[in-house]
């Protein structure tokens, strides 16, 4: 494993959202980068994001673990009408990462963060190399008719879905059906007995490495 370090990161530019979070940098010469963000109820300090950023960095990937603009504006509570601003914040984070690494840049997000990332990628093909969608919120719990897949046919970016088999925001069969809407290459990594947060007492130790190895294999397969 590569030795790693991480440090607080903040960059502001006039008229745009700040990029704020933590930058994980391997001590070797990393080529690839990953922007990683959180869901509607959390922030970039969530246990899942911290564990994943650490595991990716140990595997030699530079990671920017960042807060979405809505969370920078309010420490608690869900986003309200901030989707466009949150997507612009992710675009800025991608720009930051492009300056950090010479290689591929991917975008990962948990739940709401992944949804905003996928919408950004659909609207700007080629902006990123690969999407990592953790617990994509396919629909509100107990309301499977309100699908959040209208932008899927416009996606031209390869997508790895990581989804718990007990996720109330969409079952494995529903995610599989949604994959068929995407023209780009997709893969589903089901996490047994996991809910929307993905981490359980049983999988806590091995889950980050499982996701990292699956994502890296998926990324390399497109070469």
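Throughout, read-outs are computed from the coordinates displayed, never taken from laboratory work. Keep in mind that this is a model prediction, so the values were computed, not measured. Don't worry about glycine lacking a Cβ; one is built from the backbone with ideal geometry, like all the others, and counts go over all protein chains shown.
Miscellaneous remarks
- Kirkwood Rh, Cα atoms: Rg over Rh of the stretch 85-209: 0.97
- Label-point separation, residue 213 to residue 29 (7 Å along Cα→Cβ), nm: 2.9
- Residue-span extension gain [residue 83 to residue 18] - 0.36 nm each, minus C-alpha spacing: 21.9 nm
- Label selected from [x] 1.07; [y] 0.97; [z] 0.93, the criterion being Rg/Rh (Cα atoms, Kirkwood Rh) as computed here: [z]
- Whole-Å distance, taken between Cα centres, linking the stretch 118-160 and the stretch 47-99: 16
- Per residue of the chain, the DSSP helices (runs of n ≥ 4 H) give a summed -39500 (n - 2.57) that works out to -9500 deg cm²/dmol at 222 nm.
- Distance between the pseudo-spin-label points of residue 10 and residue 200 (7 Å out from Cα toward the beta carbon): 3.9 nm.
- Where labels lie 7 Å past Cα in the beta-carbon direction, separation of residue 124 and residue 181 in nm: 2.2
- On the basis of the beta-carbon distance and an R0 of 22 Å, residue 220 and residue 156 show a calculated FRET efficiency of 0.70.
- Length released on extending from residue 100 to residue 188, taking residue separation times 0.36 nm less the Cα-Cα span: 28.8 nm
- DSSP bridge orientation in the chain - percent antiparallel, rounded to nearest 5: 35
- Globularity index of the stretch 64-107, i.e. its alpha-carbon radius of gyration over 2.2 N^0.38 Å: 1.29
- Choice from 197, 95, 11 showing the highest fluctuation, given a GNM over the chain with Cα pairs closer than 10 Å: 11
- Rounded to 5, percent antiparallel among DSSP beta bridges of the stretch 1-90: 70
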